[in-house]
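Chemist: Okay, here's the structure, questions in a sec.
The values are calculated or read from the model by the stated rules, or taken from the named source; none is laboratory data. As the structure is a prediction and not an experimental result, all values here were calculated from the model. Positions of Cβ are generated from backbone atoms using ideal geometry, with glycine treated the same way; all protein chains shown enter the neighbour counts.
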Amino acid sequence: MQSITILGATGSIGVSTLDVIARHPDRYIVYALSAHSRVEELAAQCRQFRPKRAVVGSAAAADQLAALLRAMHLDTQVEWGEAALCDIASNTETDAVMAAIVGAAGLAPTLAAARAGKKVLLANKEALVMSGQLFMDAVRDAGATLLPIDSEHNAVFQCLPANYRRSLAPAGVTKILLTASGGPFLKRAVETLDAVTPDEACKHPKWVMGRKISVDSATMMNKGLEVIEAHWLFGAPADHIEVVIHPQSVVHSMVSYNDGSVLAELGNPDMRTPIAQALAYPDRIESGVAQLDLTQVGTLQFEKPDFNRFPCLALAYDALRAGGTAPALLNAANEVAVQAFLDERIGFRQIDRVIAAVMDALPHGPAPSIEAVLAQDAAARAAAERIIAAGALPMTASA
Ligand code: NDP
Ligand code: MG
């Protein structure tokens, strides 16, 4: 029996994780669940999965949850705040932690799980993008097991040799090829993108996801963050990570070897596959995902990304090459810009302008500690808010 904590249980990844867990009551028990404000959803999950502990984002949300659980005669312990999140992620009573909080808010509890030597199932890419080397050092020093949930990285993980040691050359790997669907605006005329609404940007053609990552997919910042994520997970330099547009989202990513072989992982686009792969690793379990029928798919297409259409992808490569705190600045500016777009305070094509302006305005340097990273994160958020409030951004993207 494995005891599991799910950080971000009410989100898209959290719900898919519970769906897989529910199929295997003989293998998994839920130790703790967290949500931020969707208290009723969390209460329903508590009724079904009977966790020992449940954590929410505020005292008011905790009171509300406690009342709902009392009415259900459940004795789940209700807590709130970051310290409680870190505790359910690192407590001796949990074996594995699904890190599925969205954004920088996931950093502290994900790091706590790594420092406690847990099996960390990493969906929250922002945490790794921000803290890079520091996070990987924590994983190594504590002997934690880090398993990627992001479908591309999970695919790469499956295509690498079992004894892979975060260095391409000894394994004969020449390239990591990350596939990208291209999102909802792959073929839309660039000049019409100024007018897209949040709902249009969130309507992903292949994946059903939370709103922040859906906007990231539309700008392709998601792929940019994934390039940085791949760098840290697999020890791959930027020049050895290539993005390939693949609209069908059937090939989830590939690894190129020096003998000419290219290994790929294929499947229907459903996050329950990587979740089940990581939960059960090295075993295999049923995920509820239908078997892939390639004769139904018919055609698989691949093309190079257009960096002019997707300037966020170029900004992410630049941040990776700059190193140090640059990816943390990029991530923070992106989070603020995406929220401003979702709140209809800026247009879609201004997202990359905000990020570029923050990267220009703030110096980046080495990232010696998590405190230094968090200070840069705060500075970038403040700068992004200032730039948005000043309203001086041109509508049209730079490139
Ligand atoms: P969702 O927006 O669907 O869910 C986010 C979860 O985090 C919810 O449980 C939410 O609680 C909680 N949360 C939000 N803000 C905070 C906060 N400030 N503090 C604590 N908890 C918070 O996101 P997704 O499930 O789509 O994505 C989660 C992570 O996984 C992201 O980092 C994303 O990049 C990554 N990912 C997602 C994929 C997907 O298919 N969805 C694919 C690959 C990676 P509440 O419900 O109460 O708001
Ligand atoms: Mg992905």
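Chemist: Among the candidates A142, A127, A116, which residue alone is in contact with a helix residue (DSSP H, G or I) (Cβ under 9 Å, 6 or more places away or on another chain) and either touching a residue at least 40 places away in the same chain (Cβ under 8 Å) or within 13 Å of ligand 1 (Cβ to nearest atom) (or both)? Can you show your working first?
Modeler: Values: A142 fails: either touching a residue at least 40 places away in the same chain (Cβ under 8 Å) or within 13 Å of ligand 1 (Cβ to nearest atom) (or both); A116 fails: either touching a residue at least 40 places away in the same chain (Cβ under 8 Å) or within 13 Å of ligand 1 (Cβ to nearest atom) (or both).
Just a single option satisfies the conditions, and that option is A127.
Residue-by-condition table, conditions (1) surrounded by fewer than 17 Cβ atoms within 10 Å (Cβ to Cβ); (2) more than 14 Å from G132 (Cα to Cα); (3) in contact with a Lys or Arg (Cβ under 9 Å, 6 or more places away or on another chain):
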{"site": "L292", "(1), (2), (3)": "yes, yes, no"}
{"site": "L300", "(1), (2), (3)": "yes, yes, no"}
{"site": "F307", "(1), (2), (3)": "yes, yes, no"}
{"site": "A314", "(1), (2), (3)": "no, yes, no"}
{"site": "A319", "(1), (2), (3)": "no, no, no"}
{"site": "G323", "(1), (2), (3)": "yes, no, no"}
{"site": "L329", "(1), (2), (3)": "no, no, no"}
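Chemist: Quick test for you: out of S37, S3, S16, S58, pick the one residue that is of a type in the set (S, T, Y), more than 16 Å from ligand 2 (Cβ to nearest atom), in contact (Cβ under 8 Å) with a residue 12 or more places away in the chain and surrounded by 15 or more Cβ atoms within 10 Å (Cβ to Cβ).
Modeler: S3
Chemist: Scan region 377-398 and give yes if some residue there is among the hydrophobic types (A, V, I, L, M, F, W, C), modelled with pLDDT under 95, surrounded by 21 or more Cβ atoms within 10 Å (Cβ to Cβ) and closer than 21 Å to A314 by Cα, otherwise no. Before you say what the answer is, go through the steps one by one.
Modeler: In the first step, residues of region 377-398 are kept if they are among the hydrophobic types (A, V, I, L, M, F, W, C); the result is 378-380, 382-384, 387-390, 392-393, 395, 397.
Restricting the remaining residues to those that are modelled with pLDDT under 95 gives 390, 392-393, 395, 397.
Still in the running and surrounded by 21 or more Cβ atoms within 10 Å (Cβ to Cβ): 397.
Next cut, closer than 21 Å to A314 by Cα only: 397.
The answer is yes; a qualifying residue exists.
Chemist: Moving on to the next point. Within the bounds of region 54-66, is there any residue that is touching a Gly at 6+ places or on another chain (Cβ under 7 Å) and polar (S, T, N, Q)?
Modeler: No, region 54-66 contains no residue that is touching a Gly at 6+ places or on another chain (Cβ under 7 Å) and polar (S, T, N, Q).
Chemist: Take A9 and tell me if it is crowded, with 22+ Cβ neighbours inside 10 Å, under 22 Å from A114 (Cβ atoms) and more than 16 Å from ligand 2 (Cβ to nearest atom).
Modeler: Here the answer is yes, as A9 does meet what is asked.
Chemist: Something else now. Could you please tell me which pairs satisfy a Cβ distance under 9 Å, a separation of 6+ or placement on different chains, a first residue in region 172-183 that is surrounded by 20 or more Cβ atoms within 10 Å (Cβ to Cβ), and a second residue that is in a strand (DSSP E or B) and of a type in the set (S, T, N, Q)?
Modeler: Close Cβ pairs (under 9 Å, with a partner that is in a strand (DSSP E or B) and of a type in the set (S, T, N, Q)) amount to V173/S256; I176/S253; I176/S256; L177/S253; L177/S256; L178/S253; T179/S253.
Chemist: Further, regarding this structure: Would you pick out the residues in region 141-166 that are among the β-branched types (V, I, T) and more than 16 Å from E226 (Cβ to Cβ)?
Modeler: T145
Chemist: Please enumerate the residues belonging to region 147-164 that are of a type in the set (A, V, I, L, M, F, W, C) and within 16 Å of ligand 2 (Cβ to nearest atom). Quick ask: steps written out before the conclusion?
Modeler: If we filter region 147-164 for residues that are of a type in the set (A, V, I, L, M, F, W, C), which is where we start, we get 147, 149, 155-157, 159-160, 162.
L147, I149, A155, V156, F157, C159, listed by residue number.
Chemist: What strands (runs of 3 or more DSSP E), lying completely within region 1-72, carry at least 3 residues that are more than 9 Å from ligand 1 (Cβ to nearest atom) and under 23 Å from T92 (Cα atoms)?
Modeler: 2-7, 28-34
Yes or no, residue by residue, for (1) in a helix (DSSP H, G or I); (2) within 14 Å of ligand 2 (Cβ to nearest atom); (3) surrounded by fewer than 20 Cβ atoms within 10 Å (Cβ to Cβ); (4) not aromatic (F, W, Y):
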{"site": "K187", "(1), (2), (3), (4)": "no, no, yes, yes"}
{"site": "D194", "(1), (2), (3), (4)": "yes, no, yes, yes"}
{"site": "K206", "(1), (2), (3), (4)": "no, yes, yes, yes"}
{"site": "N222", "(1), (2), (3), (4)": "yes, yes, no, yes"}
{"site": "L225", "(1), (2), (3), (4)": "yes, yes, no, yes"}
{"site": "E229", "(1), (2), (3), (4)": "yes, yes, no, yes"}
{"site": "E242", "(1), (2), (3), (4)": "no, no, yes, yes"}
{"site": "Q248", "(1), (2), (3), (4)": "no, no, yes, yes"}
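Table: residues versus (1) within 14 Å of ligand 1 (Cβ to nearest atom); (2) buried (at least 24 other Cβ atoms within 10 Å of the Cβ); (3) β-branched (V, I, T); (4) free of Cβ contacts under 8 Å to residues at least 60 places away in the same chain.
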{"residue": "A108", "(1), (2), (3), (4)": "yes, no, no, yes"}
{"residue": "L121", "(1), (2), (3), (4)": "yes, yes, no, no"}
{"residue": "G132", "(1), (2), (3), (4)": "no, no, no, no"}
{"residue": "A138", "(1), (2), (3), (4)": "no, no, no, yes"}
{"residue": "P148", "(1), (2), (3), (4)": "yes, yes, no, no"}
{"residue": "V156", "(1), (2), (3), (4)": "yes, yes, yes, no"}
{"residue": "N163", "(1), (2), (3), (4)": "no, no, no, yes"}
{"residue": "R166", "(1), (2), (3), (4)": "no, no, no, no"}
{"residue": "A169", "(1), (2), (3), (4)": "no, no, no, yes"}
